[in-house]
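This report concerns only the one structure given below.
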Amino acid sequence: MSALFIALALSFAGRTEAPERELTLSSSMGAGYVADSAFRLVSEGSTFPQLELGAGYAPRWLDERLTWHLGLTVGWSGADRFQAWTASLLTRSLHASAGYSLSPLSFARLYGRAGLIFDLATLTVASDSSAGDLVDRSVSAGLLGSLGIEVALGEGAWSLYLESGYGQRLNDLRFDELAPDVESSTPAAISITSVDAGGLDLSGAFWKLGISMRL
Amino acid sequence: MRRVTLLILLFASACDEGDDLWTKPLSVVGPVPAAGQLVWLHRTAAILTVLDPTGGRSPAHHNVIELPRDMAPTSAGVVVVGGHGARPGLDLVSLPGGEVTRVAIPGAYDHVAVSPSGRFAVLFYDPSAPPAPGGPAARNNNEITVVDLQTLVVSRLSLATEALAPEEVLFSPDGEVAAILLDSAVALVVLADPATRVQVPLKLPGGRVLRPAEALFAPAGDFLYVRSADADDVLALEVARGEGGIHSSINFLFFPGARGLKDIAVPAGPGFEHAVAALYSDASATHAVLLDAAGDASRTHFAQLARPATALADLGEGRLLIYSDPRNAPAVQTKAVAGWEPLVDRFDEDQLQGPVQAPPQIGMGGAFLPHALVSSGFGTSAALTGITLQDDGTRLRVRLSPIVLGGPSTAAQMDGPTGTLFLSVTALRKDSGAAPILGSDDDFGGNIGALVAVKADSLAIGGVPLDHDVTALGRVGDHLYALHPGDLGDITFLPAGSLDRAAARRVVGFLAGGLLDRPEEDQP
């Protein structure tokens, strides 16, 4: 499958030269593959669709092959469950990484990245017949590693890139306070006890396909 | 770019794993009070949810055997029957700790019933349920299994009746004998020694089958009374236990000329030994009859009612209430109500302001009958009537105490320990004292369930508004619970002695608990 993407990318390829500009903006779409079977609560499979916005900085004064990268990834997955509920997971992940690139070919640049990721996740379980949606939020952190190829589009500042890697979370997302949101009101609502839905490990492989622009 | 998008979609879809348990319909058994907790079995996800009514423990969720089909309370927790067809089992779950002990059983049974002492579990098939996945495509519905929950000894036996399937399991008051009601037979099994059993065919000469509609054990456990919709006789099965095993004979009890057997009741107390009360009602007459199980006609007592009725209830102290229960005969809606003291042949009848429309709540020597809207000079309103039987010198008197409700009643629960009838009454949320709809700070639209408490003796009334509609009421431990609609699970607990919103606690979404901590699915 990756070979297909590479072949496709090559069809757009121009020449890739060592980056002359220090700042890069990127946008990608892709998917994670969550190995934890608990993910099936919110997905028909293990696929976790994701969109990413990122910015890179190449400190050429330090090493012209080094890039620092900061990205925000938003993932969402939802599914109908038990023919009665809808369950969904929304993640906002901030990741910071350092990359190192090689240019063995005139039209392509290979790179590797390693970094940290922080996830803020919201689990929602809803049912038309119930009084309110159940919501809980949780955080996790982890390590990322990836390899990618970037191909210049023509002679300009635009590039197409394909990246794949693995994210290892250091802790599970714990959704142990699942409950409806209660507004402050008069009369006050009867005290609500939350429910422990359990934990979810977001670790897994991922890939993304995007475009980047050097400023 | 269009080609790229297509490739991504193809790649993503190739990774999906298809249907699994998550797409099966939600199936839940419960709530069941057990060991002071309230328990639900999420059959689809194989999770047992345990709520502590006091709030002392957080809602707990325990994984149980795959493909669970039924549960029943024991003295220490619950038992759950289930399992893949090739690996059936019975989980003994202790509460509140949640420790699970699994016992292998010889068949993938559909139902479990536990004796009153909590010592024995009887497992049986549901003829309307398909065989468990992976199991034999056919099964012998005459086969049951008895599990001794103390020694974990499993005894499989075939009842070998001519009936097709069991319908219900009853236990004798001492818990030593199980009566398995089949569609055309009754099997009596000594639980401590399941090989000791006897079967009684419910067939008349010529092959006509008497299908049981209702069965009751005598308080002494020496008779099992069976009502069949196919006969006007009450079937009295003698249950004789001795060194030679268990024996049974059947007596056909009848009252000359009476037709249309509607209900039976077994009064408790002195003078009622071997006695069963029967209510007959057809187009021509309605009779309440006390019959002697041994066939002694000199012990027969009867009363004739002026209006049709369909139900009997034992009020204690030798008195019976006669009324119309929509569950017994939905087509018969009468206002008749009567009190009967058969041993002294005292009888009185009266009529309600409207026909009974919901099951009565009986206790504290009286009853509350919810009935249809009543009209008066002040308008039309929902109502129920409290009924007590009073000893008025030489006469028995039916005393009616009408109570007007602010809205339709959706659930009721007679609470013996507090001598209180708890009702949920539908009321407008606005100005009721209830909070706004969840998620809003000012939306007071729609209805709520207002909990009303009526003292059975003084008819003193109190109440508290809850924050959502109520579908059922019940008691667990010292707490009252009100179930709310919604398939995520929604319940409010209150101390039974203190109807105070500040002391109430609501748990919303408890059926979603533990879903992320399920073990990997066992593949069939």
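Can you say whether B:Leu516 is of a type outside the set (Phe, Trp, Tyr), surrounded by 18 or more Cβ atoms within 10 Å (Cβ to Cβ), assigned to a helix (DSSP H, G or I) and within 12 Å of chain A (Cβ to nearest Cβ), as far as the supplied structure shows?
So B:Leu516 fits the description; yes.
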Restricting attention to strands (runs of 3 or more DSSP E) lying wholly within the stretch B:180-263, give those where 1 or more residues are out of contact with any strand residue (DSSP E or B) (no Cβ under 8 Å at 6 or more places or on another chain) and without any contact (Cβ under 8 Å) to a residue 12 or more places away in the chain.
B:234-242
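Could you tell me which of the residues A:Asp80, A:Asp172 is in contact (Cβ under 8 Å) with a residue 24 or more places away in the chain and either closer than 30 Å to B:Asp20 by Cα or of a type outside the set (Lys, Arg) (or both)? Before you say what the answer is, go through the steps one by one.
Working: A:Asp80 fails: in contact (Cβ under 8 Å) with a residue 24 or more places away in the chain.
So the residue among A:Asp80, A:Asp172 that is in contact (Cβ under 8 Å) with a residue 24 or more places away in the chain and either closer than 30 Å to B:Asp20 by Cα or of a type outside the set (Lys, Arg) (or both) is A:Asp172.
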Considering only residues that are of a type in the set (A, V, I, L, M, F, W, C) and at positive phi, which ones fall in the stretch B:434-469?
B:Leu459
Qualifying residue in the stretch B:489-500 (condition: among the aliphatic types (A, V, I, L, M), in contact (Cβ under 8 Å) with a residue 60 or more places away in the chain and within 30 Å of A:Ser37 (Cα to Cα))
yes
Subset tally (residues that are assigned to a loop (DSSP other than H, G, I, E, B) and either without any contact (Cβ under 8 Å) to a residue 40 or more places away in the chain or in contact with a Pro (Cβ under 7 Å, 6 or more places away or on another chain) (or both)) for the stretch A:183-203:
10
Could you list, in sequence order, the residues of the stretch B:364-382 that are in contact with a strand residue (DSSP E or B) (Cβ under 7 Å, 6 or more places away or on another chain) and either modelled with pLDDT under 80 or more than 23 Å from B:Ser458 (Cα to Cα) (or both)?
B:Gly365, B:His371, B:Leu373, B:Val374, B:Thr380, B:Ser381, B:Ala382
Quick one: would you say A:Ser27 is more than 12 Å from chain B (Cβ to nearest Cβ), under 18 Å from the mean Cα position of the chain (by Cα) and farther than 27 Å from A:Asn171 by Cβ?
yes
Take the stretch A:173-197 and flag every residue that is more than 7 Å from chain B (Cβ to nearest Cβ) and either closer than 15 Å to B:Val508 by Cα or surrounded by 15 or more Cβ atoms within 10 Å (Cβ to Cβ) (or both).
A:Leu173, A:Arg174, A:Asp176, A:Glu177, A:Ser194
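How many residues does the stretch B:455-467 hold that are buried (at least 19 other Cβ atoms within 10 Å of the Cβ) and either within 30 Å of B:Gly509 (Cα to Cα) or at pLDDT 90 or above (or both)? Before you say what the answer is, go through the steps one by one.
Pass one, the stretch B:455-467, residues buried (at least 19 other Cβ atoms within 10 Å of the Cβ): B:456, B:464-467.
Then drop every residue that is not either within 30 Å of B:Gly509 (Cα to Cα) or at pLDDT 90 or above (or both), which leaves B:464-467.
The qualifying residues number 4.
Please verify whether the stretch B:171-178 includes one or more residues that are assigned to a strand (DSSP E or B) and among the polar types (S, T, N, Q). Working first, answer last.
Here is the first cut: in the stretch B:171-178, the ones assigned to a strand (DSSP E or B) are B:171, B:177-178.
Subsequent filtering for residues that are among the polar types (S, T, N, Q) retains none.
No, because not a single residue in the stretch B:171-178 is assigned to a strand (DSSP E or B) and among the polar types (S, T, N, Q).
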Condition first: within 14 Å of chain B (Cβ to nearest Cβ), touching a helix residue (DSSP H, G or I) at 6+ places or on another chain (Cβ under 9 Å) and at negative phi. Can you find one or more residues in the stretch A:100-115 that meet it?
no
Would you tally the residues in the stretch A:37-66 being within 14 Å of chain B (Cβ to nearest Cβ), surrounded by fewer than 18 Cβ atoms within 10 Å (Cβ to Cβ) and not in a strand (DSSP E or B)?
1
Condition broken by A:Leu105, with the remaining ones in (1) part of a strand (DSSP E or B); (2) surrounded by fewer than 16 Cβ atoms within 10 Å (Cβ to Cβ) satisfied:
(1)
Output yes when any residue across the stretch A:152-170 is farther than 29 Å from B:Leu466 by Cβ and among the acidic types (Asp, Glu), and no when none is.
yes
Only one of B:Ala268, B:Ala240, B:Ala297 is under 25 Å from the mean Cα position of the chain (by Cα) and aliphatic (A, V, I, L, M); which?
B:Ala268
Identify, please: which residue in the stretch A:198-207 is closer than 23 Å to A:Val125 by Cβ and more than 7 Å from every other protein chain (Cβ to nearest Cβ) and is, among those, farthest from the chain's Cα centre (by Cα)?
A:Asp201
Name the residue that is surrounded by the fewest Cβ atoms within 10 Å (Cβ to Cβ), counting only residues in the stretch B:48-58 that are facing chain A (nearest Cβ under 10 Å) and modelled with pLDDT of 95 or more.
B:Asp52
Log entry, pairs with first residue in the stretch A:141-159 being more than 12 Å from A:Ser101 (Cβ to Cβ) and in contact (Cβ under 8 Å) with a residue 24 or more places away in the chain, second being assigned to a strand (DSSP E or B) and β-branched (Val, Ile, Thr), beta carbons closer than 7 Å, six or more apart or on different chains, reads A:Ala141/A:Ile117; A:Gly142/A:Ile117; A:Leu144/A:Ile117; A:Trp158/A:Ile211
Out of curiosity, is B:Ala434 crowded, with 23+ Cβ neighbours inside 10 Å and within 14 Å of chain A (Cβ to nearest Cβ)?
yes
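Go through the stretch B:73-88 residue by residue and tally those that are surrounded by fewer than 21 Cβ atoms within 10 Å (Cβ to Cβ) and either farther than 21 Å from B:Gly36 by Cβ or in contact with a strand residue (DSSP E or B) (Cβ under 6 Å, 6 or more places away or on another chain) (or both).
Quick first cut of the stretch B:73-88, residues surrounded by fewer than 21 Cβ atoms within 10 Å (Cβ to Cβ) only: B:73, B:75-76, B:84-87.
Applying the additional criterion that residues be either farther than 21 Å from B:Gly36 by Cβ or in contact with a strand residue (DSSP E or B) (Cβ under 6 Å, 6 or more places away or on another chain) (or both) yields B:73, B:76, B:84-87.
Number satisfying all stated conditions: 6.
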Name every residue in the stretch A:108-149 that is in a strand (DSSP E or B), under 30 Å from B:Gly486 (Cβ atoms) and either at pLDDT below 95 or among the hydrophobic types (A, V, I, L, M, F, W, C) (or both), in order of residue number.
A:Leu120, A:Ala121, A:Leu123, A:Val125, A:Ala126, A:Leu134, A:Val135, A:Val139
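The values are calculated or read from the model by the stated rules, or taken from the named source; none is laboratory data. Bear in mind that the values here come from a model prediction, so they are computed numbers and not experimental data. Ideal geometry is used to build each Cβ from the backbone, glycine not excepted, and the neighbour counts take in all protein chains shown.
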